[in-house]
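Written out below as structure tokens is the structure these notes cover.
The values are calculated or read from the model by the stated rules, or taken from the named source; none is laboratory data. For clarity, every value in this text was computed on a predicted model and none was experimentally measured. So basically every Cβ, Gly included, is an ideal-geometry build from the backbone, and we count neighbours across all protein chains shown. What goes into the accessible areas is simple: the full protein's heavy atoms, side chains included, and nothing from ligands, DNA or RNA. Shrake-Rupley method; radii C 1.70, N 1.55, O 1.52, S 1.80 Å.
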Amino acid sequence: MQAAPSERPQPWTAEQASQDTSWILRLKADEIQGVRDALAYAKQHPKPLLAMEQTDFPLPRVSRDALTRAIAITQGRWGMCLVKGFPVDEWTEEDSRLAYWGMGLHMGVGRTQNRASQVMNDVRNEGGEYKVKGGRGYNTNAGLDFHQDSCDVVALLCRRTAKTGGQSKVVSSMALRDEVRRRRPDLIPVLESPFFHSYQGTNDPSQPPFYRCPIFGNHPEYFSARTNRKNTVAAQRDFPEVPRLTAQQEEALDLLDELLPSDQLCFSMELERGDMQLLNNYVTLHSRTPFEDFDDPDLKRHLFRLWLAVPTSQPLPEDWAEYYGDARAGAVRGGVRGTAITQEFLDYEKRQAAAMGMRFETWKPRVLKEDMEAQLAAQRDAQAA
């Protein structure tokens, strides 16, 4: 059942997010103890992560309810939630990884995140490069363009903070849409039309290396946004068969680049040790400032990232299924397939979907590589005629 309009996400400004902190949850002692107890049980009964079920991380009702509230906040007014108080200082790196995966089993269905088809990523500087062909931001110390991740909710658990920098920045994409409409209403139809974006090498081999998706969705009831200029530029740079951006599309992207970091829209937050940040990717955009690490490897900035499909997710515009795989509310969708999907993952997602009561269809590409080639060839022929 979908929320009433008054309970759905609403646009907000940076000032509003700083004044009303109802999007922040502070864990209580019994909720934290429930996580400790579930972790102790999971360590005593070890299983591979993808083989685990909810009963293998037996959270008590009070702890489960806290996680359910956190997910619910991401689907409501703010589209984001910050949960504070996880006892990461008590845990080793592997304890933290196990605890986070176990909690994820009670929040949604994990999605694969990269070309290696991993379901949990370590967000830390591993010497990667950001604005290069195939570059991703999570394994660098670079500042990031505003973007959203490829799932209903992106969840970050902060284990270690940086020496300096690494500040999280979040924007309401609904407020962004409203500001575009106020300043340049003529660009709204442009942003609601398809743009081509590069997969940055994370696509399944059967898919084309790029996809089409508007930046603003056109669903009649639910707003959604998706933009990452780095990937839009990469599609232009790396694939000559992709149609060139029009002057109006360039103008629209330039306006977004101007508005996103503005003091009016951009809210900054510091993620502290033990914080879990949850963002609804359809109604928020996020970025990060560059950071400098400590020299000691055990002190370097480190977060764990989950991409989750959640049972209370909103419907998406039908044309967004080309990228997300399923536009229905409450469906298992999102993630990037990569090239290393295993049977263990396929078994996990089907089993976990049933545990969460979510709609599930076995994945298949909405557009095959050869279909995209044929469509673009036909488009070029029509233009030349």
>> I want to verify a result. In a Gaussian network model of the chain, Cα cutoff 10 Å, which of these has the top mean-square fluctuation: 12, 91, 101?
In response: 91
> Excluding same-chain residues fewer than 8 positions from residue 230, which lysines have a Cα within less than 25 Å of its Cα?
Replying inline: 131, 133, 169, 369
>> Cross-link candidates for residue 28: which aspartates and glutamates have Cα within less than 13 Å, leaving aside residues fewer than 8 places away along the same chain?
In response: 65
> Do any GluC sites (Glu not before Pro) in the range 1-76 lie in a DSSP loop with no more than 15 other beta carbon atoms within 10 Å, and if so, which?
Replying inline: 53
>> Placing +1 on the Cβ of each Lys and Arg and -1 on the Cβ of each Asp and Glu in the chain, which of 266, 294, 117 has its Cα farthest towards the positive end of the resulting dipole?
In response: 117
> In degrees, nearest 10, range 0 to 90: what is the angle between the Cα axis of helix 93-104 and the longest Cα principal axis of the chain?
Replying inline: 70 degrees
> Which of the lysines could a cross-linker span from residue 364 if the Cα-Cα distance has to be under 20 Å and same-chain partners fewer than 8 positions apart are dropped?
Replying inline: 350
> Percent of accessible area on the range 155-240 owned by carbon and sulfur, 1.4 Å probe?
Replying inline: 50 percent
> Taking only Cα atoms, what is the 0 to 90° angle, nearest 10, from helix 369-384's long axis to the longest principal axis of the chain?
Replying inline: 30 degrees
> Using Cα atoms only, what is the angle between the long axis of helix 61-74 and the major principal axis of the chain, expressed in degrees (0 to 90) to the nearest 10?
Replying inline: 20 degrees
>> Let's see if you can work this out: charge +1 on each Lys and Arg Cβ, -1 on each Asp and Glu Cβ, no other charges. What is the dipole magnitude of the range 14-384 about its Cα centre, in debye to the nearest 20?
In response: 320 debye
> Convex hull volume of the Cα atoms in the range 142-230, per residue, in Å³?
Replying inline: 151 Å³
> What translational D, rounded to a whole number of µm²/s, comes out for the chain from Stokes-Einstein when the hydrodynamic radius is the Kirkwood one over Cα pairs, at 4 °C and 1.567 mPa s?
Replying inline: 60 µm²/s
> Taking only C-alpha pairs under 8 Å that are 6+ residues apart, what is the relative contact order of the chain in percent?
Replying inline: 27 percent
> Tell me, what is the per residue accessible area of the range 14-384 in Å², probe radius 1.4 Å?
Replying inline: 42 Å²
> Roughly how big is the range 169-299's charge dipole about its Cα centre, with Cβ charges of +1 (Lys, Arg) and -1 (Asp, Glu), in debye to the nearest 20?
Replying inline: 720 debye
> Each residue of the range 113-119 in order: what ³J(HN,Hα) in whole Hz does its phi give by Karplus 6.51 cos²θ - 1.76 cosθ + 1.60, θ = phi - 60°, with x for Gly and Pro?
Replying inline: 10, 7, 5, 8, 6, 7, 9
>> Show me, for the range 18-26, the HN-Hα J-couplings you get by feeding each phi into the Karplus relation (A = 6.51, B = -1.76, C = 1.60, θ = phi - 60°), rounded to Hz, glycine and proline as x.
In response: 7, 8, 10, 9, 5, 7, 9, 10, 10
